[in-house]
1. Within the range 58-66, can one find any residue that is acidic (Asp, Glu) and in contact (Cβ under 8 Å) with a residue 12 or more places away in the chain?
2. Go through (1) assigned to a loop (DSSP other than H, G, I, E, B); (2) among the charged types (D, E, K, R); (3) surrounded by 13 or more Cβ atoms within 10 Å (Cβ to Cβ) for Lys42 and report which single condition fails.
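A short reminder: the numbers here are calculations on the coordinates, not readings from a lab. A quick note: this is a predicted structure, and the numbers were derived from the prediction, not measured. Cβ placement follows ideal geometry from the backbone for every residue including glycine, while neighbour counts extend to all protein chains displayed.
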Amino acid sequence: MFFAPPHKWKNCGIGISLSKIVIELQQACLNDSIPCSSLLLKAYAIAMKLGMTDTAELFSHELNGYKDADKNKLPEYRRV
């Protein structure tokens, strides 16, 4: 799971605005006209806000490439 469940957001001081942006992201994922890069950027922002640095790093690499990434951290689907 990429995101902490909403019931845990209250415990870490995250308010309604983050809950709203996560719901917006979920809805945007179902819209074929929204570019994948926009979805990744929003997901990156959410992951950073939640302190999910590993997940944010994954989104960052998907947006910007895996140029400097450790070969062991490269996702299986990116290996040739």
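1. Just the residues of the range 58-66 that are acidic (Asp, Glu), to begin with: 62.
Within this subset, residues satisfying the condition of being in contact (Cβ under 8 Å) with a residue 12 or more places away in the chain are 62.
There is at least one residue in the range 58-66 that is acidic (Asp, Glu) and in contact (Cβ under 8 Å) with a residue 12 or more places away in the chain.
2. (1)
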